[in-house]
Amino acid sequence: FLIFYLGGDEALPGKLRASSKHQPHLLPFCYLQTWDMGHEFFNKIKLGTLQYVIIKPILAWFSFVLYQNGLYGAGEFRLDRGYFWVTIITNMSQIWAMYCLAL
C-alpha cells in the first residue's frame with residue numbers, strides 16, 4: 001500500500017534518486033557499503049524486508065523436525081540444540097528486516 005501511495009514500483013526509485021545520491025547506513029551496519037539511491041536501494045530494502053517472510057516458515061519447519069527428533073530443546077541455550085540456532089537466525093532476520101524498514 002505504501003509503495004503504491006508513493007508512486008509505485010516504477011516511479012519510487014526515480015524519486016529516491018532525485019532526493020540524494022547515497023544512503024549511509026546506521027549503526028551497527030555503518031561498515032557496510034553504501035547503497036546508491038534509486039533501483040538498487042529500492043530493491044535491497046524490499047528484499048531485506050521480505051527475506052523474513054521466507055526465512056520464518058523455513059525455521060518453523062526446522063523447529064518442528066528438530067522437536068520430533070528430540071533435538072530442539074526449547075528454552076535451552078546450548079550449541080548442540082536447535083533452539084539456540086533457530087533463535088539466533090530468527091533474531092538476525094528480524095533485525096535486518098526492521099533495519100530495512102527503518103531506512
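Taken together, the values in this text are just the output of simple stated rules run on the coordinates, not laboratory data. For clarity, every value in this text was computed on a predicted model and none was experimentally measured.
Tabulated data for the structure shown
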{"quantity": "The stretch 19-74: radius of gyration and largest Cα-Cα distance (Dmax), Å", "calculated": "17.6, 53"}
{"quantity": "For the stretch 42-48, Karplus couplings with θ = phi - 60° (6.51, -1.76, 1.60), whole Hz, Gly/Pro x", "calculated": "4, 5, 5, 6, 5, 5, x"}
